[in-house]
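Structure first, commentary second.
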Amino acid sequence: MSGASALGVSTASGVHIFGVRHLSPAGAWHLRRYLDDIRPTAVLIEGPADADEEIRHLVHPATKPPVAILAYTEEIPVRTVLWPFAAYSPEYEALRWASAHSAHASFIDLPSRIVLALQEKRGDGRMEPGAAGEADSQDTPVTKEAFLYDRIASLAGEPDYDTYWERHYEHNLSPRAYREAILSFSASLREMSIGEERLRSAGEFAYNAVRESFMKRRVAEAIQQGHAPGGIVVVCGAYHASALDTLDGAMSDEELALLPSLAARRTMMPYSYYRLSSLSGYGAGNKAPGYYERMWACMQSGKLAELPHYYMSSVARSLRESGTHRSTAEVIEAVRMAESLAALHEGGQPTLLDLHDAARTLLGRGELSVVAEPLAALDVGTGIGSLAEGVSQTPVQDDLNRQLKRLKLEKYRTAVAQDLALDLRENRRVKTEEAAFLDLHRSFFLHRLALAGISLAQWKPSGQQGANWAEHWVLQWTPEAEIQAVEATLLGETIEIAAAYTLGQKLAACSSIAEASALIQVACMCGMASQLEASTTALQRLAADSRDVVQLAEAVRQLAVIVSYGDVRKLDTAPLVPLMEKLFLRACLFLLEASGCNDEAATEMITAMNSLNGVAQEHGESVDEALWVRQLEELSGRDDRNPRLSGFACAILMERGILSAADCEGEVSRRLSPGVPAELGAGWFEGLAQRNRYALVSRISLWEQLNNYMAGLEREQFARALVFLRRAFSVFSQREKVMVAEVLGELWGVGAEQAAELLGGELSEQQTKQIEELNEFDFEDF
């Protein structure tokens, strides 16, 4: 038996095979020492064979893991697949060793173009981080092995597989014992899982067989290139180690030509420990990448035994910073308890689960909630990787980095969500124009990111009502945002071009006035003058023959907002004013026709009327306000339109001072006269009560007329009218309800509290059904 075989490393083909578990500090630690012993001339690593050009970027001194190789298709819809690397990934450590010792390094798994095509055929579609794409590039297939892993853990007396692995392998720093245990475990696991695969899915089994056949081909190519078999070390997932024991079955040229392929590109991207964790759904991840990074650091310094002390002291420090004091003695006792728990399982030192139990018991004093946040911060962490500037990135990624630097947003590129408040007005305290409008340019940039589908920032309400110069954003970097930036490269070479392309596509596809008017606002927010013009043209085309008052009113409102934004956003909005006038005119002309609607549509109409009235008041010099008032007067007197809308028109006229108190009382007397059905009388009053409620409350005669009207209704009609009134009062503020209750209490001869109970009660199921029945009510019958 050769020396390598005695150490538990496969050498049947003369090539050294080192099986690893992805994201294993012990695997990386043992592999580094194994490479120092063997001193190979070639290190072949499981990874996409067409990504060798990315190796120099991976080992670049400025590269800070976690990072990932991202492959993506060149056509829309974009499909992606990732190969992530942590600082403690054995594959990453192998690449670093090869670079430091001038050894040849190469990836040997299926090329990304083939992986993407196979995924498409297997029905995976677009691969997200943590999906099968990542798992397939690493250890065992991650489809339905949870039961198998749980069984292994149970047989070992451990509560879960991660704890089993850590206790038996991560804490094992004996090279011989570690390698023998890994090979034995891997062979058994492969035997059991292959049986499961055959029963479960012939496709899954065939996929792994194809990968292994290709890897054998790559090993054979390395030998043909002049590397002696004894000078080659293959680093692969432990699942594949025994399969690569021999080169029999290496893929031929003919077999390779039969594999499907998609045009694909590759790039590097920063990654995060959260995305590496199994908490995010990444099948090949572990629960605590932050914890394992600390374990890796302790291994490198030869102080693995100090890991429990570091962990407990970090938890205590975090508790102290949040105002919960824990003494040094408690930390020492927690470490001792964790060590005792490990001893019960015949472990050399505590596992993460042991540390959790001890921290909860002693530092949390039995309550997990006390230590949950510090544990999560230590286990997963918030760190993200970084790459040297300009390293193998797509044009949009490069532009994203440039814009973040130009707009002084680099500090927001973290995995922790951070608030950003913007003031779009000119800053007159600075000297340059760029600095004076920094926040405005930031706003354009963030809106363009959102339009291009890059979720780096989320818009939030500013909290300053009516302040069109204020914006509030929440920025948080995620791997998904980086992937979206890569995908945007297919839309254009910069974020602005990609956003413009996206807007153009949306304009070409939009089929309603509401969509077109919303896109005009998007173009304005993005600071895209040419797209603003194209959006305006699309809206004009769609609105030319429209009679939909709701959509017309919403378009008018959005145009009015944009015109108001013009000054602060430095956009020429003058061309929008004639369009706003035209749409406002059409909405007014078709108001009466649209008001003959059912009760459900009346709710949308009230919103539309509110919008039109607001625009008439704010932009009276641009729109035909006189026509709007005439239409309101016509609607307020009509009996064949929806009564809520007629009442709402009266409310607007009262608010404007056009309908006098005497005229109002006369209209109330007419609408609430004896014999008027509940749908008309109480429905009209509901519309009237939607605006200017304080003025209504002060008019005692109005409430007397309403009271007399209700008292004169038959029992069934009274119940129906009451439904309308209770719905009307449901939108009143508490103060307004109290005022109404006081007035009605005097009229009814009861206390205000009793009246308030009637007004403020919840609608019953039967009352709600009565309202729904009104949707089929034809008010033109009256």
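The values are calculated or read from the model by the stated rules, or taken from the named source; none is laboratory data. Keep in mind that what you see is a predicted model, and the values were worked out from it rather than measured. Note: ideal-geometry Cβ built from the backbone for every residue, glycine included; neighbour counts use all protein chains shown. Note: accessible area is taken over every heavy atom of the protein model, side chains too, but ligands, DNA and RNA are not part of it. Shrake-Rupley method; radii C 1.70, N 1.55, O 1.52, S 1.80 Å.
In nm, what is the difference between 0.36 nm times the number of residues separating residue 76 and residue 176 and their Cα-Cα distance?
Separation in residues times 0.36 nm, less the Cα-Cα distance, equals 31.0 nm.
Would you mind checking 460/582; 64/408; 64/216; 287/460 for any pair whose Cα atoms are more than 24 angstrom apart?
460/582; 64/216; 287/460
If R₀ is 22 angstrom, what is the calculated FRET efficiency for the pair residue 60 and residue 455, using the beta carbon separation as r and rounding to 0.05?
Plugging the Cβ-Cβ distance into 1/(1 + (r/R0)^6) gives 0.20.
Residues of region 344-401: accessible area per residue at 1.4 Å, in Å²?
On the way: 2580 Å² over 58 residues.
Value for region 344-401: 45 Å² per residue.
At a 10 angstrom cut-off on C-beta neighbours, averaged per residue, how do the peptides 230-238, 497-505 rank from highest to lowest?
Answer by packing, highest mean first, reads 230-238, 497-505.
Considering only protein heavy atoms and a probe of 1.4 Å, how much of the accessible area of region 212-252 is carbon and sulfur, as a whole percent?
Answer for region 212-252 is 49 percent, counting heavy atoms of protein chains only.
Pull up all non-local amide H partners of residue 456: gap of 5 or more, or a different chain, and H-to-H distance under 5 Å with H placed in the peptide plane.
none
Starting at the first residue of region 519-527, write each ³J(HN,Hα) from the Karplus equation 6.51 cos²θ - 1.76 cosθ + 1.60 with θ = phi - 60°, in whole Hz, x for Gly and Pro.
So the Karplus estimates, Gly and Pro as x, are 6, 4, 5, 4, 4, 5, 4, 7, x Hz.
If you roll a 1.4 angstrom probe over the protein chains with everything in place, what fraction of the accessible area of region 305-355 belongs to carbon and sulfur, to the nearest %?
Of all accessible area on region 305-355, carbon and sulfur atoms account for 54 percent.
Leaving out ligands and nucleic acids, note down the accessible area per residue over region 13-93 with a 1.4 angstrom probe, in whole Å².
That works out to 26 Å² for each residue.
Quote the charge dipole size of region 24-105 about the Cα centre in Debye, to the nearest 20; the model charges only the Cβ of Lys and Arg (+1) and of Asp and Glu (-1).
Charge dipole, region 24-105, about its Cα centre: 400 debye, nearest 20.
How many nm is it between the label spots at residue 561 and residue 582, if each spot is 7 Å from the Cα in line with the beta carbon?
It works out to 2.2 nm between the two label points.
What's the carbon and sulfur percent of region 419-477's accessible surface, probe 1.4 angstrom, rounded to a whole number?
After summing per-atom areas, the C and S share lands at 47 percent.
If you roll a 1.4 Å probe over the heavy atoms of the protein chains, what accessible area per residue do you get for region 550-611, in Å²?
On a per-residue basis, region 550-611 sits at 38 Å².
At 7 Å along the Cα-to-beta-carbon direction for both residue 669 and residue 692, put a label point, then send me their distance in nm to one decimal.
Taking the two extended label points, one gets 1.9 nm.
Report D for region 496-626 in µm² per second (integer): Stokes-Einstein, Kirkwood Rh on Cα pairs, 37 °C, 0.692 mPa s.
Taking Rh from Cα pairs, D becomes 220 µm²/s.
Residue 425 to residue 656: extension gain in nm, 0.36 nm per residue of separation minus the Cα-Cα distance?
Result for the pair: 79.9 nm of gain on full extension.
Which FRET efficiency value, to the nearest 0.05, do you get for residue 368 and residue 418 by plugging their Cβ-Cβ distance into 1/(1 + (r/R0)^6) with R0 = 35 Å?
About 0.80, to the nearest 0.05.
What FRET efficiency comes out for residue 160 versus residue 265 if R0 is 35 angstrom and r is the Cβ-Cβ distance? Round to the nearest 0.05.
Once the sixth-power term is evaluated, E becomes 0.35.
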